[in-house]
Each structure stands twice: as C-alpha cells, then as structure tokens.
Amino acid sequence: MEEPDFLPTNLKKYASCASDRQLFQSLSPRLDDLISYFETGCDDVTWANRHRKFLALVLRWCSRNYFSNRLPRHKAMVIVAIIRKYYALLAPELLFFPSFYYTIKIKAFDEVHDVNCLLFGVESDYFRNLFRSSFENFTYFCQIKSGNLFQFLLVKEYLNTGDIGELWRLDFDQLKALMRLARIWFLPGLLEKCSEIIKRYIDRDNVVATILEAHRLQYLSWKNEAFQFFNDHEKGLQFIPADNESELRIQVLDLKHDTINCFNQFASEVTHLSMDVDLALEPAGKDLIDSCPRLKGFDMSGSRTPLQNFGFLPSNLIELNLSACTWIHGNHIRVIAQNFLYVKKLELAGNVQLGFSAWSELSRMHHLTFLNLSGCHQLKREDLVLIARSTPNLLELSLEECRQLADPEFIDFITLCPHLRVLNLSGCSGLSDRSLNELGLRAYQLSYLICVRTTGFTDQGIERFVRMRSSLLKLNLRSNPYSVRVIANLKQEFPFLQIEN
C-alpha cells in the first residue's frame, strides 16, 4: 500500500498494510500515530482521494469514541482542527445518516440540517449534551429553539470550518445577538471572532456605553477591545486589561473635572482602583473611592508619600498592592492587618527595605492566601522561614528576581509551606535541581509553576519534577535553554499539562 507524501519516519512501519481497513486497525491502538497519519494523509490530496475509506473509518471511530468517553477531549480537539483545515476534502465523509454518535438531524426552526456530531460536540458542551440526550433516547433527531435560522447557519459554518466568511458583513446588532447566542451555546472561539469584528463599531461617543455593556454581559474579549480604544483616546483614566469577566480595573491619573465626571459613569461597577497616594488623600480622591460600592482591590504601588494610616480606604478590601513603596515598614503591615481584616492578596514587590519585623506582622493577616515578594533581594533563610510560619494559609507566592535565594533557603521554606498552588521562581538563578526535587516531593497541591529565566534548572531536573508532581496543570519555561526534545517529550507524556516555552 503506497504511503502519503512526507510521511514521518516513525510511521513508515505501517507500509506493510494491504488495505485501508488493515491500516486503520493497525493504527487505532496507537492514537498519536493515528492522528499523525490521518493529518499527513489529508495533506496529500491524491492519496486521500484514493483512500477515502481509511479517512471515513478514522472519522467515525473518533466520533464514536469521543461520545463514549474513550477519546480524551484534548485529542478530539486536535482531530477537529485537522478536519476544519481540510474540510473541503473531508466534507463528503462527514455526513453518513443514520449513524449514532456520528451524524444527527437538527431541526432549526423551519429547516432540518444534518450535522457531524464530532465537529459540533467537541467545542460546545451545549451540543454535546444535546446529542447525548438524543442518543440515550435512541433518536437521530434533536431540536433547538435559541436564536434564529440565520444565526444557526452562521454557527454551523463556524463549527464546520472554524471560521465565518461573511462575519465582517454583520452589523452591530447582528454581531451582538450572535455573541449572545455563542455564550448560550458555549462557543468561546466564536465570541473571540465576533469581538474582533465588533470593535470597529467602537467610537469616542459610545466607548463608555460599550465598556459598561460588555462588562455587564461579561464579554471579556469585547470589553478588552473597548479598553484599548478608551486608553488610546483618554488620558485622565486608564483601564487595566481584565483576566476575569467580573472585574473592572481603573487607574486614575488626575482629578480634573472631566476625569471625575467620566469616572462617575463607571463607579458603580469598579472592582479594582489604582491611584497615587497624593491623589487619594485629596477630598476629591476620597469621594471618588467612596463612590465605588463594589471596590475590593486598591493599588498604590510606586507611591512616594508616606502614610501613617489607611483610613481613606474601605475596611472590606481584600486586595492591596503596596509594591515599590519605599516608606512601607513593619508597623504599616500591622496597621493593615488591624484595619483590613479580610485581605487575601498582598503585593509587596520591590520593597527591599522590609525585614524581620514586617514578616512577623503577616501572622496577623489570617485570610492571606496570595503574597507577592518579587524583587525582594534581601530575603534570606530566616526571612523565608518566618514568612512560611506566619502565613499558614498561603496558596500563591511570587519570589521573582529574588536572586540571593539558594537551595538551602528554598528547601527550608517549602518544607514549612508545602500547600502552595501557584509559585513564581522566575529569575531565581541561585536555585538548582535540588530545589526542584524538593518541590516535586513536598508541594503536593502545586498546579502552576513559573520559572522564566531560572537558569539553574536542567533538562533532567525539569523532567524529574514534572513526573513527580502529578498535580501540575501549567508550567512556564520561557527564556530557559531547555532542549526541544525535553519539551516535546513532556508534551507527549503529559497532554493535559499546559507548557509555555
């Protein structure tokens, strides 16, 4: 049996197969080989047209196994990406009716459409559950009532091909309605595409209303597009891009009349506020802070004006950023602990003046779960030990650019603080594989490790750490000289692990 062009060397062992069915049966126990052979075959159009039976067998096998929970979703997404890439070639093989777990009829208002279950069910939990319900009732038919026929046809094109050719033609109201439907049907990719188009309707007259509407509807990508437009045209206020749909972060740069009037339009929705201490202490600044009923975080990083108390801030804050405030000392930490009883996130990055007295005051902050000590070069073994003992509930910690840290200091710390979930060790060049080994053994809840420019870790140390730490979900290895082989091995061996490199 001839091979497709540019077949990888490791797949040439299947050349002895005499037929499409035999080739499929040889590949199916080895999922990675099956996917790779399927993609290479699709890339060679001549070979694919000669071996359509093989393509059909792969497609039906993948769909049936996905809906019977024998094909992991992350692998199904890879297959769907291949199908969309070669949709014109594979279209004749995608609809084979009737066929449980492969094709189904959807009644969309006055029309009935045959659709491929894999293409619809992998990206959208809505359609996945809808199809499963139909299959459990032994029917090839289901009905949708949300949206309208025009919107369904657009969604169908997107799910089949990964794109909508005429999306750019839709007007503002049509795009907004499609985004609403995309949220109902759990289609984040379509939401992103709509946000890219709908941003052209943002102008200086409607940007405020757009931000408020996108925030209330929780359209994160659209909201960030509106943020970018606002920041490019306004100077007194700047929006900070959000990672969470429910957050609205604003930086106040002055207290001019126009700035305050503009801020008042957002005040009821603001969750995080950034302002210099000098501005916050002015009567207009205090009024501005008091006008935010949902405020939960305040950022005064970089402020040079010393404070004796923090009475201008609401006592129910749960996040405080005091980074690069050279006037911060242990007594300020004590005041914060006494006046803000619910603080969960404290940022003290760049405060190299902080010492033993400050770390001991952290024991008063009983709800503290996030601590940022990036750039605190003064940290030594006794400091880390005291921090670990003072923050028994700590779940997230950043030690970025703490260059004096060495293996003994870090090992003592992780021994006392094994329950961390997120840890940033970027730029900690004094750490070696010894620290990684202890982290793998003791940090039993660690799900995210950031080690950008952590040059002391080796290929072997990273591999051993990942294999020991089964709880790990995300690993940032950017700007590190790890070999391509190691990264490829980890991605293949741990497909659920998100590696940034």
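The values are calculated or read from the model by the stated rules, or taken from the named source; none is laboratory data. The shown structure was predicted, so the numbers you read here are calculated from the model rather than taken from an experiment. Here Cβ is always computed from backbone atoms with ideal geometry, including for glycine, and neighbour counts include all displayed protein chains. Side chains are part of the model used for accessible areas, which takes the heavy atoms of the whole protein and leaves out ligands, DNA and RNA. Shrake-Rupley method; radii C 1.70, N 1.55, O 1.52, S 1.80 Å.
Please work out the Cα center distance from segment 402-451 to segment 1-56, rounded to the nearest Å.
45
For segment 97-144 and segment 339-356, what is the separation of their Cα centres, given in Å?
What the calculation gives is 53 Å, centre to centre.
Considering the Cα trace of segment 276-344, what is its radius of gyration and what is Dmax, both in angstroms?
11.4, 30
Rounded to the nearest 5, what % of the DSSP beta bridges within the chain are antiparallel ones?
Working: 11 of 45 bridges.
Of all bridge pairs located within the chain, approximately 25 percent are antiparallel.
Provide the per residue accessible area, probe 1.4 Å, for the chain, rounded to a whole number of square angstrom.
Working: 22840 Å² over 501 residues.
Roughly 46 Å² per residue, with all protein chains present.
Putting +1 on Lys and Arg Cβ atoms and -1 on Asp and Glu Cβ atoms, find which of Phe312, Ile211, Gln445 reaches farthest to the positive end of the dipole of the chain.
Gln445
Residue by residue through segment 167-182, which ³J(HN,Hα) values in whole Hz follow from phi under the Karplus form 6.51 cos²θ - 1.76 cosθ + 1.60 (θ = phi - 60°), with glycine and proline marked x?
Karplus values, whole Hz, x for Gly and Pro: 4, 5, 7, 5, 7, 4, 5, 5, 5, 5, 5, 5, 5, 4, 5, 4.
Have a look at segment 145-184 and give its Rg and Dmax from the Cα atoms, expressed in angstrom.
9.5, 25
No solvent, one uniform scatterer per C-alpha: report log10 I(q)/I(0) for the chain via the Debye equation at q = 0.09 1/Å, two decimals.
Taking Cα atoms of the chain as identical point scatterers yields -0.86.
Please list, in chain and number order, the residues 5+ apart from Gln498 or on another chain whose amide H is under 5 Å from its amide H, with Hs placed from the backbone.
Result for Gln498 returns Lys474, Leu475.
Taking θ as phi - 60°, what are the ³J(HN,Hα) couplings along segment 192-201 by the Karplus curve (6.51, -1.76, 1.60), each to the nearest whole Hz, with x for Gly and Pro?
Working through the residues one at a time gives 4, 5, 5, 5, 5, 7, 5, 5, 5, 8 Hz.
Given +1 on the Cβ of Lys and Arg, -1 on the Cβ of Asp and Glu, and no further charges, what dipole in debye does segment 411-501 carry about its Cα centre, rounded to the nearest 20? Provide the component values of the computation, followed by the final result.
Working: 11 positive and 7 negative charges, 31 e Å.
I would put it at about 140 debye.
Have a look at segment 60-165 and give its Rg and Dmax from the Cα atoms, expressed in angstrom.
Over segment 60-165's Cα set, Rg and Dmax evaluate to 12.9, 36 Å.
Taking only the alpha-carbon positions of segment 352-501 and ignoring solvent, what does the Debye formula give for the base-10 log of I(q)/I(0) at q = 0.08, 0.12, 0.15 Å⁻¹?
Evaluating at q = 0.08, 0.12, 0.15 Å⁻¹ gives log10 I(q)/I(0) of -0.21, -0.46, -0.72.
Helix-derived [θ] at 222 nm for the chain: sum -39500 (n - 2.57) over DSSP H runs of at least 4, divide by residue count, nearest 500?
Details: 23 runs with 232 residues, N = 501.
About -13500 deg cm²/dmol.
Tabulate in residue order the Karplus-calculated ³J(HN,Hα) for segment 425-433, using 6.51 cos²θ - 1.76 cosθ + 1.60 with θ = phi - 60°, rounded to whole Hz; enter x for Gly and Pro.
3J(HN,Hα) across segment 425-433, in whole Hz: 10, 4, x, 7, 6, x, 8, 10, 4.
Would you work out the charge dipole size for segment 182-273 about its Cα centre, treating the Cβ of every Lys and Arg as +1 and the Cβ of every Asp and Glu as -1, and quote it to the nearest 20 debye? Spell out each step's value before the answer.
Details: 10 positive and 14 negative charges, 22 e Å.
Using Cβ point charges on Lys, Arg, Asp and Glu, segment 182-273 gives about 100 debye.
For a label point 7 Å from the Cα of Leu497 along Cα→C-beta, name the residues of segment 409-453 whose backbone N is under 14 Å from it.
Zone members listed by number: 436-437, 439-441, 446-451.
Any chance you could look up the accessible area of Leu497 with a 1.4 Å probe, heavy atoms only, rounded to 10 Å²?
Probe radius 1.4 Å; accessible area of Leu497 about 20 Å².
Quick check: from the Cα gyration tensor, does segment 15-65 come out rounded (a/c under 1.5), prolate or oblate?
Values: a/c = 1.43, a/b = 1.24, b/c = 1.16.
Here segment 15-65 falls in the rounded category.
Give me the percent of accessible area attributable to carbon and sulfur for the chain, probe 1.4 angstrom.
Numbers: 11380 of 22840 Å².
Carbon and sulfur together cover 50 percent of it.
Along the principal axes of its C-alpha atoms, what lengths does segment 1-120 span, in descending order and rounded to whole Å?
50, 29, 22
Determine one quarter of the surface area of the Cα convex hull of segment 200-349, which equals its mean projected area, and express it in nm² to one decimal.
That works out to 8.7 nm².
Which FRET efficiency, nearest 0.05, do Ser26 and Leu153 yield, Cβ-Cβ r, R0 35 Å? If you can, show how the numbers build up before the last one.
Details: r = 40 Å, r/R0 = 1.14.
Calculated transfer efficiency: 0.30.
Can you tell me the relative contact order of the chain? Whole percent, Cα pairs under 8 Å, sequence separation 6 or more. It would help to have the intermediate numbers written out before the result.
Working: 848 pairs, mean separation 26.2, N = 501.
Here the relative contact order equals 5 percent.
Projecting each Cα onto the charge dipole of the chain (Lys/Arg +1, Asp/Glu -1 at the beta carbon, about the Cα centre), which of Leu23, Leu477, Tyr66 comes out farthest on the positive side?
The residue sitting most towards the positive pole is Leu23.
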